[in-house]
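Colleague: Sharing a structure here in structure tokens format.
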Amino acid sequence: MSEWLGIWEGNPVDSEPLLAMLRGAMGNEQAATQLREFLEARITESPVARRDNMGETALRIALASSMLVGVTVGRRIVRVPALANGSAEALIHPLAPALQSILGDPDR
């Protein structure tokens, strides 16, 4: 999760193009395709998902990624005060258990 936040909130040279893609994806199919491909690449590059032949693990990774995209939209684009005004570290505490629940043991 820290890595995700680092990508989207890090150096503007790296984060601003991603944020522009995210903003554009809301109303432009080409930008949505680019964002989808960016996220899909992260999912398919996961060694765990590859071992699972992109089955349930890929679904879990996609769900977690979608949660994080939602947080990013709320924090960086819509600027929901409770998300935008706090530190990235403050987000990790409540989000980590939710993500762990999604990404955790697939046999539960």
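Colleague: Please turn the phi angles of segment 91-100 into ³J(HN,Hα) values with the Karplus equation 6.51 cos²θ - 1.76 cosθ + 1.60 (θ = phi - 60°), one per residue in order, whole Hz, x for glycine and proline.
Modeller: Karplus values, whole Hz, x for Gly and Pro: 6, 4, 4, x, 7, 4, x, 5, 5, 4.
Colleague: Springs between alpha-carbon atoms under 10 Å, Gaussian network over the chain: tell me which of Gly74, Gly24, Gly55 tops the mean-square fluctuations.
Modeller: Most flexible of the set in this elastic network: Gly55.
Colleague: Which ³J(HN,Hα) values, rounded to whole Hz and listed in residue order, are derived for segment 68-83 from phi using the Karplus coefficients 6.51, -1.76 and 1.60 in 6.51 cos²θ - 1.76 cosθ + 1.60 with θ = phi - 60°, glycine and proline given as x?
Modeller: Result, ordered by residue: 5, 4, x, 5, 5, 4, x, 7, 9, 10, 6, 6, 4, x, 4, 8 Hz.
Colleague: Sticking with this structure for a sec: Calculate the spin-label point distance for Glu37 paired with Val13, positioning each point 7 Å from the Cα along the beta-carbon direction, and give it in nanometres.
Modeller: Once both label points are built, they end up 2.4 nm from each other.
Colleague: Between Glu3 and Glu29, how high is the FRET efficiency from 1/(1 + (r/R0)^6) when r is the Cβ-Cβ distance and R₀ = 25 Å? Nearest 0.05.
Modeller: Details: r = 28 Å, r/R0 = 1.13.
The calculated FRET efficiency here is 0.30.
Colleague: Based on DSSP H runs of at least 4 residues, each adding -39500 (n - 2.57), what is the mean residue ellipticity at 222 nm of the chain after dividing by all its residues, to the nearest 500 deg cm²/dmol? It would help to have the intermediate numbers written out before the result.
Modeller: Numbers: 7 runs with 80 residues, N = 108.
Computed mean residue ellipticity for the chain: -22500 deg cm²/dmol.
Colleague: A follow-up question, please. If you take the square roots of the eigenvalues of the alpha-carbon gyration tensor of the chain and sort them as a ≥ b ≥ c, do you get rounded (a/c under 1.5), prolate (a/b over b/c) or oblate? Before the final figure, lay out the partial values.
Modeller: On the way: a/c = 2.04, a/b = 1.25, b/c = 1.63.
Because a/c hits 1.5 or more and a/b fails to exceed b/c, the chain counts as oblate.
Colleague: Convert each backbone phi in segment 16-22 into a coupling constant with the Karplus relation 6.51 cos²θ - 1.76 cosθ + 1.60 (shift: θ = phi - 60°), then list the ³J(HN,Hα) values in order as whole Hz, x for Gly and Pro.
Modeller: In residue order, the calculated couplings are 4, x, 5, 5, 4, 5, 5 Hz.
Colleague: Most mobile of Arg42, Arg60, Arg23 per a Gaussian network model of the chain (Cα springs, under 10 Å)?
Modeller: Evaluated over the chain, the most mobile residue of the options is Arg42.
Readers should treat all values here as calculations from the given coordinates under stated rules, not as data from a laboratory. Keep in mind that this is a model prediction, so the values were computed, not measured. Cβ atoms come from the backbone with ideal geometry, glycine included; neighbour counts cover every protein chain shown.
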